[in-house]
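Trainee: Before anything else, here's the structure in question.
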Amino acid sequence: MPVRNRMIPDTDFLNWPDEVLALLVLNQPLTETGQDIFQNIWERASFRASVDGATNHLYRRGPEQYLPHVISALCWYEMAVLKANRLAPGLPVYLCDDQNIACLLQQGSHRLHVGTGLEGDSCGLIPVGGQCDHVSTTGLKWNLDNQRLKFGELVSTSNTWAGDNVVTVTTDQPLLWTMNIKPN
């Protein structure tokens, strides 16, 4: 299967290749910790949505500069991810706040570039909209080998990288890749 999207580039986090993407801003204050990352994704996103109180945070930062395409009152982020995916089909969907960044991985193989120095020490893979019957990874401390991810069974929320700068993920259903951002 072809590699679909890159979460973080090989070298410079703020100098991504020309990739079309969507951004979903969650109900978290936007502090200085993740400001450079947020600003870069905001400027590159062709589709922007805010969930719950995130709209208020954006408004306080600048009502003209930070106007999302969609404002949602959804309180469950999984539903917000599904809605953003439906409104912007085929675009990578990113979620961010000042402590975390996440990317919706569609069915297929993905190559995620980590190790830029901006990442914190934890990451995870969360099934979206049901279960994933076949998930395999490389580059993680606890890799998955054709395993099922399902709430009530196995959900990978407390993993970390194995020291490589690349993590690969192959999945048969959509997954949410999450990682925390190192504080400044």
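Read the figures in this text as sums done on the coordinates, not as results from a lab. All values derive from a computational prediction rather than experimental measurement. Cβ atoms come from the backbone with ideal geometry, glycine included; neighbour counts cover every protein chain shown.
Trainee: Around residue 50, which amide H atoms from residues at least 5 apart in sequence, or from another chain, sit under 5 Å from its own amide H, with H modelled in the peptide plane?
Mentor: Here the answer is 25, 70, 71, 72, since their amide H atoms fall under 5 Å of that of residue 50.
Trainee: On to the next question. Using the beta-carbon distance between residue 99 and residue 151 and R0 = 25 Å, what value does 1/(1 + (r/R0)^6) give for FRET efficiency, to the nearest 0.05?
Mentor: With R0 = 25 Å, the Cβ-Cβ based efficiency is 0.65.
Trainee: With the crude spin-label approximation of a point 7 Å out along Cα→Cβ, what separation in nm comes out for residue 111 versus residue 44?
Mentor: Between residue 111 and residue 44, the simple spin-label model gives 1.6 nm.
Trainee: Determine the gain in length on full extension of the stretch residue 162-residue 56; use 0.36 nm per residue of separation and subtract their C-alpha separation, reporting nm with one decimal.
Mentor: The span from residue 162 to residue 56 would gain 34.4 nm if fully extended.
Trainee: Once you place label points 7 Å from the Cα toward the Cβ at residue 121 and residue 141, how far apart are they in nm?
Mentor: 0.7 nm
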